[in-house]
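Below is one structure, written out as C-alpha cells, with a few remarks after it.
The values are calculated or read from the model by the stated rules, or taken from the named source; none is laboratory data. Quick caveat, the model's predicted, so the values are computed rather than measured. So basically every Cβ, Gly included, is an ideal-geometry build from the backbone, and we count neighbours across all protein chains shown. Just so you know, the surface numbers come from the protein's heavy atoms only, side chains and all, with ligands and any DNA or RNA stripped out. Shrake-Rupley method; radii C 1.70, N 1.55, O 1.52, S 1.80 Å.
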Amino acid sequence: MKLSAALLLLPLAAASDYHVCSDEEAKMVPKLCGILDRANAFPEKLADELMNSPISAVAKEVTVPERRVLKEGESSALPIVVAHGMGDSCFNSGMKSITKAAGAKVGAYSVCIPTGDSRIKDTINGFLLNMDASVDVFAEKVAADPELANGFNAFGLSQGNNLIRGYIQKYNGVEGYPTANTFMSICGINAGVGAFPNCNPEGKVIGGICEGVTEVLGDLAYNSFVQGILFQANYFRDPSKTESDNYKKYSQLAQWENEGDDVDHSRNEKFGMTSKYVWVLGTEDTVVWPREGEQWRAMDPEDPFGTLQQWNETKWYKEDTFGLATADEQGKHNFESFDGQHIQFTEDELMGWLEKYFM
C-alpha cells in the first residue's frame, strides 16, 4: 500500500485515527482519501478547514437569559440534549452558549453531546465518522449521563438532527437508554440532500472540503467504502436513484427510511415512542437541497429535478415506511419556519420555540 506524502511525515509509531486508503481506494476517490490523509497527519488544520468550509453550519453565540425559576406548583421541564451541525463542535463558543441558553430558558439541565472528545475530533467526526457509527457514539454518551436517565427533550442544528433522529429510531425504548420525548429539528437533513449548492454557487466547486464531498455525489456515493466513512454521503439522496439497487443496498439513509433492503419495523415502533416532533424550516436555506426536505417534502421520483412533492405525497408517508404518517394521525407533528439562511434564526425565535415546545 502506498502512503501519501502527508502520512509519511507522521512518526512511525503513531496510530491512524481515520481510515488509510489503499491504492485502489485512492484511485477511486482521491479527494476523499486526501481529506483522510490530512485527518491523520494534520488534524487541527483539517478541523479549522472543515469549520470554515462553504457547507459548514457553525452556530453563532447567543445571549444566555436569566434562568427560569419554577413557581409553586409548576412542574420542572425535562433535561435538554443538543446536537451541533457540520463543521461545528460542542466545544465551540456558539454551541456552548446555545446549550446554556436553552437550559436557562426552560429551567432544566442541558448538554451538548459531541461525537469526539475534543474540538478537533468532534469537528472531524462530523465528516469522517459515518452516520450510523456517530449515532452509536452519541447514544453511549446519552446513556452515560445520569441527568438524562428519566428521558429528555432534544433539538439539533443541521446534520446534528440526524444524530437525534438516529437515536430515536435505534435506541428509543432499549433498556439502558432514555427515551427522547420531544424532538425539535432546526434545518434538519431529514429527507436527505440531493445536492450541496453552496459548494458550487457559480458552477465551479470551491475549496478542498467541497471537492471531497462533491467527488462522491453520484454513483460513487452508494458503495460500502464511501458509506462507511463520509457522514454527508450517508444522507445524500439522489432523487433520480432512489430505485437503484446500489441506493437500496448501501445508503444508510435508505435503511433509516425503510426504503432500502434492510427493512426493520422496529424503527416505526421506536419513532412512535417520541411524543412530539417539531420541524423547523429556514425559508432561504441554500445548504440543504431541497430545503423543503427539512419538513419532509421530497423531489418526485417521476420528475426528480423538477417537481417537489408535498410531505404527505411521498412514498415514506403514503406507505408509512418508518412511522411518519402514524405520528401525523396522532397529532405529533408541528411545523415552524423562519425567514433566513441555514440555522440563521434569531435568538427570539429560538427562545420562542423552546417556550412553546419544551416548557
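Per residue, the chain exposes an accessible area of 42 Å² to a 1.4 Å probe, with every protein chain left in place. With all pairs of different C-alpha atoms in the average, the Kirkwood value for the hydrodynamic radius of region 148-285 is 16.2 Å. Each distinct pair of alpha carbons in region 66-125 adds a 1/r term; the inverse of their mean, the Kirkwood radius, is 12.4 Å. Taken about its Cα centre, the chain carries a charge dipole of about 720 debye when Lys and Arg each add +1 at the Cβ and Asp and Glu each add -1 at the Cβ.
Relative intensity of region 248-323 on a log10 scale, I(q)/I(0) at q = 0.16 Å⁻¹, equals -0.68, per a Debye sum over C-alpha point scatterers of equal strength in the absence of solvent. All C-alpha pair distances within region 221-359, sorted into 10 Å bins from zero, spread as 11, 34, 38, 15, 1 percent across the bins.
Note on the chain: antiparallel DSSP beta bridges, both residues inside, total approximately 10 percent of the bridges counted.
Normalised radius of gyration (Cα atoms, divided by 2.2 N^0.38 Å) for region 288-359: 1.31.
Note: region 28-101, Cα convex hull, 114 Å³ per residue.
Temperature 4 °C, viscosity 1.567 mPa s: under these conditions the Stokes-Einstein estimate for region 204-250, based on its Kirkwood radius over C-alpha pairs, is 118 µm² per second.
Helix-only mean residue ellipticity at 222 nm, the chain, DSSP H runs n ≥ 4 weighted -39,500 (n - 2.57), per residue, nearest 500. What is it?
-10000 deg cm²/dmol
Between the listed residues CYS187, VAL106, MET95, the Cα displaced farthest toward the positive end of the dipole of region 83-213, a dipole computed from Cβ unit charges relative to the Cα centre, is found at VAL106. With the charge dipole of the chain set up from +1 on Lys and Arg Cβ and -1 on Asp and Glu Cβ about the Cα centre, the Cα lying farthest toward the positive end among the listed residues PRO239, THR123, SER134 is that of THR123. Considering only PHE305, LEU70, LEU281, and ranking their Cα positions along the charge dipole of the chain that arises from unit charges at the beta-carbon of Lys, Arg, Asp and Glu, the one farthest toward the positive end is LEU70. Give me the percent of the accessible area of the chain that comes from carbon and sulfur atoms, probe 1.4 Å, all protein chains in place. Within the chain, the accessible surface is 48 percent carbon and sulfur.
What value in Å³ per residue do you get for the convex hull of the alpha-carbon atoms in region 224-272?
So the per-residue Cα hull volume is 80 Å³.
Considering every alpha-carbon pair of region 78-214, the percent of pairs per 10 Å bin, from zero through the bin containing the longest distance, is 12, 42, 33, 10, 3, 0.
For the chain, the alpha carbon positions stretch 68, 48, 43 Å along the principal axes, listed from largest to smallest. Around the Cα centre of region 227-359, unit charges on the Cβ atoms of Lys, Arg, Asp and Glu (plus for the first two, minus for the last two) sum to a dipole of about 360 debye.
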